[in-house]
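Take a look at the structure below.
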Amino acid sequence: MRKIFFSTLLLFLCLFSKAQEKIPYHSLDPKNPIQFTGKAIIYKGKTIPLSPKAFFIDAQLSDAQVAKYPYVYNTINEASKHLTNGIESAPMTLYIAPNVYWIDNPDDPEIRKPEGNATVPYGLIIKCEWLRFYGLSDNPENVVLAANRGQTIGAVGNFTLFKFTGQGTSSENITFGNYCNVDLNYALKPTLNRTKRASAIVQAQLIHCDGDKIVARNTRFISRLNLCPFVGGKRVLFDRCHFESTDDALCGTAVYLNCSLDFYSSKPFYSTQGTGAVFLNCDIKSFTNGNQFFTKANGQLAVVDTRFTANNISYLGWNDNLPKETRNYQYQVSINKEAVLIEKNNPAATVDMSNLNVLNAYRFNYNGKTIYNTYNLLAGNDDWDPMQIKSIVLLAEKEQQQKFSFLPTQLLISPSKISIETNKGKAILKATVNRFGNYELKGEKITWSVDDKNKAILSLNPNEDGSECEITPNNTNDEISTVIITAKTASGLEAASVIYVAPPKLASPKFVQEPQLSKIDNGILKLQYQIENSFKDQSQISWYRCTDNKGNHPIEIAVSRNTIPLVEYPLTIADAGYYIMASVAPKNIRSDARKAFTVITPKPITTKDITADKNILLTNFKNSSTKNQLEIIPGFWTFKPFETEDKNNTILKDAWYYGEGIDGAANKVGLLQTGRSATLLYTPIEGNYTNMKFNLSVTPFKTAGQGFSVAHMYIDILIKYNTKTGSGYALRLIRTTKHHDAVDCILLEYKSGIPTEISAPITTNAFKGTCSINIEVIANQLIAKITNADSNMNAKISDNVFPEANLKATINPNNWGGLGILYNGGSPTMINAIKAEWK
């Protein structure tokens, strides 16, 4: 019996001694020491037992070491396979030691592609409720979760580091980084440094999520284009976080509290959603030259106690294509310590909250301190209080006898941009008041108004609480009036709706004198007609080429635009042999158009009728028909999609249109692509063509010089081209992975639709603003020049990027004279004007 007792005691002592064995372990960060016992970690004096909801992760640990202990891992990826759903009071926590954790292997040459029917390739997809990433260092730069892939650079699609599915995802003391276009510098262990994968800035994203109550504290989000920090979260709080990004980058449903942000381009948000995004006590460094905006596609913002620093900002605005309905909010915003009103050129778009009670929804003073009211913003309907300030808010309410909780931050009017006609009924506008997070609040008193100059054009009749307003039009003018109706709450929230108020519509006019074509005068075919009444003529006129005097096989060639009747048609050599038909739908400024009346030349056009130089084609497309015209016919434009047909062999929509540009082409009008790609060809009349010039003036929507949406997208300018066989020559401008602010220019030879490069590429930053593209064939020489007419173009910016491009190649001469544009660029490029010359 005694022998058994001593054996048992000896075994217990051995096991106890083994349990107390000191494990040799040292964190990479000596300032934040970690003790690891195998069953727990000790950090900042607190013992944290490891468990199914508490993992320890350190990349320093070998596979053999982690195999000894449960809940211990050396990669995030392996740990993610063993997660347990947490709850709000006890989240699933990953305690992560300082190191660099590659979520996606940067040395794997395989190109990442979306899985299944998805459009986005992810580094790691995690489904877990209440998952917490906790870095075991005060410095978030010491705990890095990384990838280095982006669109066209290591991935097909916008590569994204993480996708999280679940409520309550959070991070603290972490860096999430996509080092596709940014160097990774890791001070704790420089051997872990890594140079960016490419200089060209492409879409390289961080985190998509689909949950609520998302929190990041002391967290860094590093990439450039399309940063995506917890994008998709319903309510997101960033507390003391740092962001580095270019465009289309930030989370549009978040509160940014005490954060620092570096903007490397002019539109950090693509858009905000619902009640939008809020900046509270933030510092923003802008590296933008010229105009700094917030959004590309609009959305609400509030900017409070926020300081910009910048060397080259000339203007601070919400959006460069600002809707008249925009109402955003600011308080104490500065640039380089000078107070600034955001959108000063459109002051109605900005509500300065100074001396307005709506400011209490964002900040208030209590006991001499500024309290940023995150409780009001994030409480929702479930009393969420991630900054734990509810008690302060309630005490302030009690002591100051005013409300600081459940205050709204948004007023909306719907609908907007509607048209109403005088004497044809009324319209009802509805107002909605929302708390942050898209929680509707009932019972707010709303007042409605219209500016003095438009009070006679419509009357307002709101209901008792102002939640609805009936509008009655009374426009006695001839033209449609654009009226802005404004709604306000007592606290200072504002909203606006744009209404187009038409005068009473009159009957469509009849012809007093039916249309007839006059005798051709100096190469111009003129249309004569007269409509009844004295109202401004806005008749809709279209011109066609037909094969006989009965109007058979009409092809539209010219149209009225901007309500100006096109009563003259200048003949060109391409009209010879055709009958010209005009279609006139009588209309005045107060009416709809009546059924069209057609008139046609009795004889075909002859070369004697034409005075225009037959060897020159010059157009700005102002009155050109842009309907799809799929046939290849001498003397005609071919307008068609880049891929001409869908799977059902049906053309879905016109590939081109004439209209207004935005972004880099703002305030310009010209020929534009309807979608991401389009084909435009011109087939000259039959002949043998030798030398030829083709000059274009174009304006890309992109402003940095990259031209197109992603790498490998391009525009081909075709010359000496056989439009039927797809053979000839071209200049290609293409975005590459080498640069994010320049394109490569290459000369091509096309054979049966297949291009081959016949010159070395030249890189230029000239493809922005007003860009001139000139191509010429002289005998066996193909010559191209790309220049920029804007005065702000730089001189040579590096050894490999030039302010203009000059190319030359020796070719095999042909007798074709076709020209055109193959556009596969994603982001549009406006065609301002073209000129072609043949010999």
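Since every read-out is calculated from the coordinates, none of them should be taken as a lab result. Worth saying up front: this structure is predicted, and the values here are computed from it rather than measured. Backbone-built Cβ (ideal geometry, glycine too); neighbour counts: all protein chains shown.
Observations
- Rg(Cα) / (2.2 N^0.38 Å) computed for the stretch 410-502, rounded to two decimals: 1.09
- If R0 equals 30 Å, the separation of the Cβ atoms of K627 and N667 corresponds to a calculated FRET efficiency of about 0.70.
- Placing R0 at 30 angstrom, the Cβ-Cβ distance between K519 and N615 gives a FRET efficiency of 0.70 after rounding to 0.05.
- Annotation: extensible slack from N691 through N780 equals 31.1 nm (criterion: 0.36 nm per residue apart, minus Cα-Cα distance).
- Between 0 and 90°, nearest 10: helix 2-19 axis offset from the chain longest Cα axis: 40
- In this simple spin-label approximation, E470 and N193 carry label points 7 Å from Cα along the Cα→Cβ vector, and these lie 7.4 nm apart.
- Pairwise label distance in nanometres, K369 with K835, each label 7 Å out on the Cα-Cβ vector: 7.0
- Dipole magnitude of the stretch 97-187 about its Cα centre (Cβ charges: Lys, Arg +1; Asp, Glu -1), debye to nearest 20: 320
- For the peptides 429-436, 50-57, 25-32, the ranking by packing is 429-436, 50-57, 25-32, with the highest mean count of neighbouring Cβ atoms within 10 Å listed first.
- Percentage of interatomic Cα-Cα distances in the chain larger than 41 Å: 50
- In degrees, nearest ten, helix 390-400 long axis to first principal axis of the chain (Cα): 80
- Here the chain carries DSSP beta bridges of which approximately 60% are antiparallel, counting only pairs with both residues inside.
- If R0 is 35 Å, the Cβ-Cβ spacing of K390 and S62 corresponds to a FRET efficiency of close to 0.15.
- The stretch 735-769 versus the stretch 491-566: alpha-carbon centroid distance in Å: 42
- Of the trypsin sites (Lys or Arg not before Pro) in the stretch 558-591, those whose Cβ has at most 16 other Cβ within 10 Å and which sit in DSSP loop: none
- R235, R132 arranged by Cβ crowding within 10 Å, fewest neighbours leading: R132, R235
- DSSP-assigned coil residues among trypsin sites (Lys or Arg not before Pro) in the stretch 459-524, each with at most 13 further Cβ atoms within 10 Å: K505, K510, K519
- Spin-label model, E556 to D283: label points 7 Å out along the Cα-to-beta-carbon direction sit 5.8 nm apart.
- Computed magnitude of the charge dipole of the chain (debye, nearest 20; Cβ of K, R +1, Cβ of D, E -1): 860
- The stretch 506-612, relative contact order in percent, only Cα pairs under 8 angstrom and at least six apart counted: 33
- Normalised by the number of residues in the chain, the mean separation of alpha-carbon contacts (under 8 Å, six or more apart) gives a relative contact order of 6 percent.
- Taking 0.36 nm per residue of separation and subtracting the Cα-Cα distance, full extension of the segment from I589 to K430 would add 54.2 nm.
- Our estimate of slack between D382 and N117, defined as 0.36 nm per intervening residue step minus the Cα-Cα distance, is 91.8 nm.
- Rounded Å value of the spacing that divides the Cα centres of the stretch 41-78 and the stretch 371-391: 33
- Computed [θ] at 222 nm, deg cm²/dmol, the chain (DSSP H ≥ 4; -39,500 (n - 2.57); rounded to nearest 500): -1500 deg cm²/dmol
- Packing rank of 294-303, 98-107, 171-180, where each peptide gets the mean count of other beta carbons within 10 Å, highest leading: 171-180, 294-303, 98-107
- Calculated diffusion of the stretch 615-839, Stokes-Einstein form, Kirkwood radius summed over Cα pairs, 20 °C and 1.002 mPa s, µm²/s: 123
- Listed residues I342, G728, G437: farthest to the positive end of the dipole of the chain (Cβ charges): G437
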